[in-house]
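S.K.: Got a structure for you, written out below as structure tokens; questions coming shortly.
The values are calculated or read from the model by the stated rules, or taken from the named source; none is laboratory data. Every value quoted in this text rests on a predicted model; they were computed, and no experiment measured them. Cβ sites come from the backbone with ideal geometry, for glycine too, and all protein chains shown count toward neighbours.
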Amino acid sequence: MAPVTLSAFHWRKKGLTPEEFKNHYETVHIPIIQEVAGDKFPKTHTRHYVVRTAEGATSDDKSNSNYKASVYAGTNAEDFDYDVYSELVFED
């Protein structure tokens, strides 16, 4: 049978910067998934983080209103309210 692909969008917890979220996801969540899944861990687990830049470097505001998505011309930064898109491919 063909591999099964699971796609997901993830949002960071309120109060985390994009960098704090990425670090937590990579160093806490991924190891938990690996431990729980064991030999059923996905063949691939690709993550695409939305690149965000703080507009107010000294601001305590960690929301997306302060961390705008870095996007190509013609795209609206508000269209990217999620923080990471992940794609997991499992063997049958």
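S.K.: Looking only at residues that are in contact with a helix residue (DSSP H, G or I) (Cβ under 7 Å, 6 or more places away or on another chain) and either of a type in the set (A, V, I, L, M, F, W, C) or under 22 Å from ILE30 (Cα atoms) (or both) in the stretch 59-83, which one is modelled with the highest pLDDT? Can you show your working first?
M.R.: Applying the first criterion (in contact with a helix residue (DSSP H, G or I) (Cβ under 7 Å, 6 or more places away or on another chain)) to the stretch 59-83 yields 67-69, 71, 83.
Now drop any that are not either of a type in the set (A, V, I, L, M, F, W, C) or under 22 Å from ILE30 (Cα atoms) (or both), which leaves 69, 71, 83.
Details: ALA69: 72, VAL71: 66, ASP83: 91.
Top of the filtered list is ASP83.
S.K.: When the residues of the stretch 42-58 are filtered to those that are more than 15 Å from PHE21 (Cβ to Cβ) and among the charged types (D, E, K, R), which remaining residue is modelled with the lowest pLDDT?
M.R.: Of the stretch 42-58, the ones more than 15 Å from PHE21 (Cβ to Cβ) are 42-46, 55-58.
Of the ones still in play, those that are also among the charged types (D, E, K, R) are 43, 55.
Values: LYS43: 91, GLU55: 74.
This residue is GLU55.
S.K.: Output the number of residues of the stretch 1-23 satisfying the condition of being part of a loop (DSSP other than H, G, I, E, B), touching a residue at least 12 places away in the same chain (Cβ under 8 Å) and charged (D, E, K, R).
M.R.: The total comes to 2.
S.K.: Going through the stretch 1-16 one residue at a time, which ones are closer than 25 Å to SER70 by Cβ and more than 12 Å from the chain's Cα centre (by Cα)?
M.R.: LYS14, GLY15, LEU16
S.K.: If you don't mind, another one. For the stretch 24-50, what are the residues that are part of a loop (DSSP other than H, G, I, E, B) and aromatic (Phe, Trp, Tyr)?
M.R.: Once the filter is applied, which keeps residues that are part of a loop (DSSP other than H, G, I, E, B) and aromatic (Phe, Trp, Tyr), the stretch 24-50 yields only PHE41.
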